[in-house]
Structures are given as structure tokens and as C-alpha cells.
Amino acid sequence: MATVEECRTALEQLSAKLGGAEGDLGKAVRLDRSLSCRVPDLGVTFSGRLHDGALQDITTEPSPEKAQIRLEAGSDDLVALVDGELNFASAWARGRVKLEASFKDLLTLRKLL
């Protein structure tokens, strides 16, 4: 099981990858949305904002509002996804990863996944 700090590092790495995206992928990550990433095996939820192609203000403090984009994954799966060792589509199909967002955001995010 990955640690809270390893998961935070994975989210920071994801932010760096998103920030360097170009073309259609770059357009997809330019969303301005609140985001949460629940890691049930650690009992923690990371919150932040997807803005200008990066995850900003990542915290484990409870958010007063429901995030517009909600991701749920086990700690090991989150780290593996960011490292490119786990395919999102297959992990989602097997229920290892969950993603909730508006239909419009899902259409935009599919370019990322």
C-alpha cells in the first residue's frame, strides 16, 4: 500500500504532466474545475483545482463543496496510473478506478484517459 505522501507526489507528477500537454490534450486540461481524489485504503481525500493545465492547491483538508470532478482509486492504483503502469480504461472497466463528472466534462476528459 502506497503512503499518503506517495499519493500526493503522484498527484503533483500528474499536475506536471498535464501542464506540459499540447494540442487536443492541452485543450482538454485547460478546464477550470474543482477536483477530488478519494483514496479509500488510506482514508484520505485530496482536493484541489484543475486550472490552466495544472492541479493547484492540493490539500487533504475537507472541502465544503462536492468537487466537480471526482476520482476514486486505491493508493497503489493511483501511483500506478500516474507512472503509466496501469491503463485507465482497463482499471475503470474492472472497477479499480471510479470517475464522476458532468457529461460535458467526461467528454472533455476522455482525451486525457
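The values are calculated or read from the model by the stated rules, or taken from the named source; none is laboratory data. Predicted, not measured: the structure shown is a model, and the values here were computed from it. Quick reminder, even Gly has a Cβ in these numbers, built from the backbone with ideal geometry, and neighbours come from all protein chains shown.
Would you point out which residue out of Leu55, Leu71 is part of a strand (DSSP E or B), modelled with pLDDT under 85 and not polar (S, T, N, Q)? Explain how you work it out, then say what you get.
On the way: Leu71 fails: modelled with pLDDT under 85.
Exactly one of Leu55, Leu71 is part of a strand (DSSP E or B), modelled with pLDDT under 85 and not polar (S, T, N, Q), namely Leu55.
Condition check: at pLDDT 90 or above, in contact with a strand residue (DSSP E or B) (Cβ under 7 Å, 6 or more places away or on another chain), closer than 22 Å to Thr108 by Cβ and not small (Gly, Ala, Ser). Does Phe88 satisfy that?
Working: at pLDDT 90 or above: no; in contact with a strand residue (DSSP E or B) (Cβ under 7 Å, 6 or more places away or on another chain): yes; closer than 22 Å to Thr108 by Cβ: yes; not small (Gly, Ala, Ser): yes.
No: the conditions fail for Phe88.
Looking only at region 35-69, which residues are surrounded by fewer than 16 Cβ atoms within 10 Å (Cβ to Cβ), of a type in the set (Gly, Ala, Ser) and in contact with a helix residue (DSSP H, G or I) (Cβ under 7 Å, 6 or more places away or on another chain)?
none
Which of the numbered conditions does Leu107 fail, given that it passes all the others? Conditions: (1) modelled with pLDDT of 90 or more; (2) over 21 Å from Ala2 (Cβ atoms).
(1)
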